[in-house]
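> The structure that follows is given in the form of structure tokens.
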Amino acid sequence: MKKLNLTRNTVILAVVLLLIVLYPLLGAKPYHLHLFILFFIWAMVASSWNLLNGISGINSLGNIGFMAIGGYGSAILAKTFGLSTLITIPLGGIIAMVLVTLFLGLPTLRLKGVYIALLTLIFADTLPTLLTQTRAVTGGAVGLHEIPPFFAGAGKIHNYYICLAAFLVMLYVIHRLIKSNTGLAFVALRDSENLATSLGVSRFRERLKVFAISALLSGLAGGFYVHSLGDISPTTLAIEPFLMGIAMMELGGIGTLFGPVLGAAIIVFGSEFLRLADVLRMTILGGLICVTILFFPGGLMQAFRKLGNLMDRRGKRKRGESVQAKVQSAD
Amino acid sequence: MESILNALVSGFVSGSLYAIMALGLTIIYGISRVFNFGHGIVAVLGGYLAWTFFTRASLPFVVSLLFMLPVMYLLGWLVYRYAIRGLMKKPNADFSTVLFMLGLGIMLENIILQIFGPRVKAVPELVTGSIMLGAIKIKNHELALMVIVLLGIIVLTQFFKRTRMGQAMRAVAQSIPGAGVVGINIERIFGYTFGLAFMVTGFSGALLASKYFMIPHIGWDWMVKGFVIVAFGGMGSIPGAVVGALVLGMAESFTTLALGAVWVWPVWFIMFLVLLLLRPQGLVGGRN
Amino acid sequence: MFEIKDLCSAYGDIQVLYNIDLHIDEGEVVALFGPNGHGKSTLLKAISAVHPARSGSILFKGQEIAKTPAHKIVELGIAYIPEERFLFPDMTVMENLNMGAYNLNARKSMAENLEFVFDVFPRLKERRGQLCSTLSGGEARMVAIARGLMCNASMLMVDEPSIGLSPSMKFAVFEAIEKVNREKNLTILIVEQEIEHALRMANRMYQIRKGRILFERKADEIDVKEIEKAYF
């Protein structure tokens, strides 16, 4: 039954992936490509964020800040020094990793969860002030514009494939990471600190490691963000992107591999469909987070899993009541 | 000399306002171990309600408070009863309560924004005029604020010391199994705690709104300030919050005097990090 | 006046108690013996609803209390003095005793109970203004027992009152429990490793092993050898 389930999921995944790969070739509008690019980038951010909050139980609220550092880093290197994006994006990621690990990871990771949550939030919150104070380099409140594209003459379609590839690679890396010994140590630490410590897992070192990796990945996502969109400003660090990231993780299913991706898809495409006034949109986002946490703590992934199990059971029995009745009884 | 004295006075005034603002945060954390991420917005809501009753309905300030405080109490109780209570029983309660209060805070902020608009609001000063103390001038309003805060803190400490419910809250804060063994209904106490803390927070919001300007978004600023104060003094400790608020209030006014207002936040942050390294439990906090 | 039937209790997937049957008459002192980790404390926690039982019935004065929450149990008159003590460390001895009298029945007879408690533990009267976190182990144990007495209960459950105490302190604690039973006619269920001490005051005993009642004996038919054998 388990194997059957896996195959079905693999088939669905392959079909979805194929459609996404072929989509630009089927004559998609540039605006729709733009949306997909946003989705890929957000999926990267949410997935790397989920590595902290979902997988290893470190309550970070600062990943948008990590992303901004990577984005600014890469943009400045490409714009002022004229370096190739092949170099600047990784460098941006590394800058984010180093800064975040030094100034945030080292002092906070020994502290209790609430402290980490608040200090990461304060960190991300202080960045806009810092940016406006360093106008010569970062462009201040206006931000940076006309950031060089991935390569000279790169268009939407190129950006689409570059970001898609980056997203897939990152997801694969995260997948491997979760399955590796390091990943198992993260999960062990999240689930039972005492047990993991007694097995010889150094809590602080493992936490620092995952923190650095998450910052690196978020920073890289920032690099892809600036070179495909062409500009970045302190508004990237406003409360809305922050909320969107949280909502993606929670809505999709925190702690799962595909949950944040799913959440990113829903939030990115959803907010395009619901072109509402700012105030209303934020109210809905806040409400969405509350409702998800209260009533669907596992997010959509858990709902899907339940549905999948249900269908398996039904297929096995062959005969039975309607699915409708079971969906209701499962709730 | 004069400017130093002035800084001292203004540090004391803002310190006492920060103290009452941080109390609500430390009360909830100390008793239920839930960190109220919506704390600032709760204060803002209190401020807006007081503003509405005071300036719109033209009620006297005290009467405005009488209308506002029960509303805040009810809100706190509802939040606990219908959201936090369930979340506290589930795994990962630490972070799910943080996110829930965060989401609720954003929602409240935008609802307030929708109703009251983005323009700055201020509760008018309670008393006008000022007095001279030697060379320095103190506004009567600021004196009144300090007296009110002092009275508020005295009332609260007496509540926790003398009343049956206050004692039960302290008991729950110190040992939940112990509280269970002596027959305290812990969930009910949590409910009262949220009500009380929201009430105190709303009250502090009304006071803050009479000294500083108020927009819905300022709540996040207040929350972060409240957190630094509470963690500085010792999470969950009432004297800690008061001491932390006074120390940081002084630091604020002297930093403004010496370096300029832009530097207040970096100075606070550095003081905070240094303290975390030396005394992670905070200035007053005894045990972990 | 107190009767347990077919009680089962578990922590998560691990079942600890299996079909426990036990009864206590009014004014009786019943001792509960058994090796560590075999379910004695779990039974007391199930009765006091600190960790409620999975199934089974608990009758107290004719009332079914298996589903009653912990704070109601205290109000009904069963006080539980846990081995872990669970004192309020930043409260004074006096405040801790006050909290013992939290339920409304106890509030009424607080002065009288306090007098009795200070009579039993004169030491606590001297230390009443002291914070509990500064007490010695023996004094803290006294506070825990005294706090339980302040609940104005008609039945007292005491979990390992002598553990970790010096011999003279042990003696004082047992003396106090005997006095409580004698003067207040409280029904007592006591878990204790000091078999000899406990047997001096017990009217009856139960032996627990691997979550089941192994045997039950009246005071005059108790054989210490038999009990000791049951530990291995």
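> With a cut-off of 8 Å between alpha carbons and a minimum separation of six or more residues, what is the relative contact order of the range C:130-187 in percent? Intermediate values should be presented prior to the final figure.
Values: 25 pairs, mean separation 20.5, N = 58.
Here the relative contact order equals 35 percent.
> Right, here's the next one. If r is the Cβ-Cβ distance from B:Ile4 to B:Asn140 and R0 is 25 Å, what FRET efficiency results, to the nearest 0.05?
Details: r = 22 Å, r/R0 = 0.89.
Efficiency, rounded to the nearest 0.05: 0.65.
> Provide the per-residue ³J(HN,Hα) series for the range A:46-61, in order, calculated from phi with Karplus coefficients 6.51, -1.76, 1.60 and θ = phi - 60°, each as a whole number of Hz, with x at glycine and proline positions.
Karplus values, whole Hz, x for Gly and Pro: 5, 5, 6, 5, 4, 4, 7, 6, x, 7, 10, x, 9, 7, 8, 10.
> With the contact rule set at Cα under 8 Å and sequence spacing of 6 or more, what percent relative contact order holds for chain C?
Details: 437 pairs, mean separation 64.2, N = 232.
For chain C, the relative contact order is 28 percent.
> Please order A:Ile232, A:Ile213, A:Ile284 by the number of other Cβ within 10 Å, starting at the fewest.
Lowest count first: A:Ile284, A:Ile213, A:Ile232.
> Report the normalised scattering of chain A as log10 I(q)/I(0) at q = 0.08, 0.10, 0.14, 0.16 Å⁻¹, calculated by the Debye formula with identical scatterers on the alpha carbons.
-0.40, -0.62, -1.17, -1.46
> Putting +1 on Lys and Arg Cβ atoms and -1 on Asp and Glu Cβ atoms, find which of C:Val29, C:Asn103, B:Val120 reaches farthest to the positive end of the dipole of the protein assembly as shown.
With unit charges placed on the Cβ atoms, the residue in question is B:Val120.
> Based on other C-beta atoms within 10 Å, arrange A:His175, C:His38, B:His141, A:His227 from fewest to most. Provide the component values of the computation, followed by the final result.
Numbers: A:His175 14, C:His38 21, B:His141 18, A:His227 26.
Ascending Cβ contact count within 10 Å gives the list A:His175, B:His141, C:His38, A:His227.
> Another question, if that's okay. Any idea what the relative contact order of chain A is, in percent, if you count C-alpha pairs under 8 Å spaced at least 6 apart? Could the numbers behind the result be given before it?
Details: 459 pairs, mean separation 93.4, N = 331.
Here the relative contact order equals 28 percent.
> Residue-wise, which Karplus ³J(HN,Hα) couplings in Hz belong to the range C:178-189, taking 6.51 cos²θ - 1.76 cosθ + 1.60, θ = phi - 60°, and x for glycine or proline?
Working through the residues one at a time gives 4, 4, 4, 5, 5, 7, 9, 6, 7, 7, 10, 10 Hz.
> Taking R0 as 41 Å, what's the FRET efficiency between C:Tyr18 and B:Arg162 from their Cβ-Cβ distance, rounded to 0.05? Could the numbers behind the result be given before it?
Working: r = 48 Å, r/R0 = 1.17.
So, using R0 = 41 Å, E works out to roughly 0.30.
> Also, quick follow-up: Extending each Cα 7 Å along its Cβ direction at A:Phe103 and C:Glu115, get the distance between those two points in nm, one decimal.
6.9 nm
> On to the next question. Just name one of A:Thr236, A:Gly286, A:Ala124: the one whose Cα is farthest towards the positive end of the charge dipole of chain A (beta-carbon charges, Lys/Arg +1, Asp/Glu -1).
Highest projection toward the positive end goes to A:Gly286.
> Mind checking which lysines have their Cα closer than 27 Å to the Cα of C:Lys72? Skip sequence neighbours fewer than 8 apart in that chain.
Counting by Cα, and skipping residues close in sequence, C:Lys72 has these lysines nearby: B:Lys89, B:Lys90, B:Lys161, C:Lys5, C:Lys40, C:Lys45, C:Lys61, C:Lys108, C:Lys179, C:Lys184.
> Here's something else I'd like to know. Return the sequence-ordered ³J(HN,Hα) values of the range C:217-232 in whole Hz as given by the Karplus equation 6.51 cos²θ - 1.76 cosθ + 1.60 applied to θ = phi - 60°, using x for Gly and Pro.
Coupling constants for the range C:217-232: 9, 7, 4, 7, 10, 6, 10, 4, 4, 4, 5, 4, 5, 5, 7, 10 Hz.
> Ratio of chain B's C-alpha Rg to 2.2 N^0.38 Å, to two decimals? Before the final figure, lay out each step's value.
Values: Rg = 18.8 Å, N = 288, 2.2 N^0.38 = 18.9 Å.
After normalising by residue count via 2.2 N^0.38 Å, the value is 0.99.
> While we're here: In debye to the nearest 20, how big a dipole does chain B give about its Cα centre with +1 on each Lys and Arg Cβ and -1 on each Asp and Glu Cβ?
On the way: 19 positive and 8 negative charges, 152 e Å.
Once rounded to the nearest 20, the dipole reads 720 debye.
> Taking 0.36 nm per residue of sequence separation and subtracting the Cα-Cα distance, how much length would be gained by fully extending the chain between C:Asn105 and C:Glu194, in nm to one decimal? Could you put the intermediate results ahead of the total?
Details: separation 89, 0.36 × 89 = 32.04 nm, distance 3.33 nm.
Stretched fully, the C:Asn105-C:Glu194 segment lengthens by 28.7 nm.
> Oh, and also: In debye to the nearest 20, how big a dipole does the range A:239-320 give about its Cα centre with +1 on each Lys and Arg Cβ and -1 on each Asp and Glu Cβ?
On the way: 10 positive and 5 negative charges, 195 e Å.
In debye, rounded to 20, the range A:239-320 gives about 940.
> Still on this structure, please answer the following. Pop a pseudo-label 7 angstrom from the Cα along the beta-carbon direction at both A:Ala152 and B:Leu257 and give the gap in nm to one decimal.
Taking the two extended label points, one gets 6.1 nm.
> Here is a further query. What distance in nm separates the simple spin-label points at A:Val279 and B:Leu277, each placed 7 Å from Cα in the Cβ direction?
4.6 nm
> List the residues, sorted by chain then number, that are 5 or more residues from B:Leu283 or on another chain and whose placed amide H is less than 5 Å from its amide H.
B:Gly233, B:Gly234
> Counting only residues 5 or more places away or on other chains, whose amide H sits under 5 Å from the amide H of C:Arg209 once H atoms are built in the peptide plane?
C:Leu214
> Skipping prolines and chain starts, which residues have an amide H placed within reach, meaning under 5 Å, of the one on C:Met157, given they are 5 or more residues away or on another chain?
Close amide H contacts, sequence-distant or interchain: C:Ala79, C:Tyr80, C:Ile81, C:Leu189.
> Compute the distance from the alpha-carbon center of the range B:48-89 to that of the range B:104-129, in whole Å.
14 Å
> Which lysines, if any, have their Cα less than 19 Å from the Cα of A:Lys209, not counting same-chain residues under 8 positions apart?
The qualifying lysines are A:Lys112, A:Lys179.
> Using unit Cβ charges (K, R positive; D, E negative) and no other charged atoms, how large, in debye to the nearest 20, is the dipole of the protein assembly as shown about its Cα centre?
Details: 75 positive and 53 negative charges, 362 e Å.
Roughly 1740 debye, rounded to the nearest 20.
> Further, regarding this structure: So if we plug the beta-carbon distance of C:Glu64 and C:Tyr11 into 1/(1 + (r/R0)^6) with R0 = 22 Å, what FRET efficiency do we get, rounded to 0.05? Don't jump to the answer; show the numbers that get you there.
Details: r = 23 Å, r/R0 = 1.07.
Once the sixth-power term is evaluated, E becomes 0.40.
Where a number appears in this text, it was derived from the coordinates with a stated rule and is not lab data. Since this is a predicted model, take the numbers as computed values, not measurements. So basically every Cβ, Gly included, is an ideal-geometry build from the backbone, and we count neighbours across all protein chains shown.
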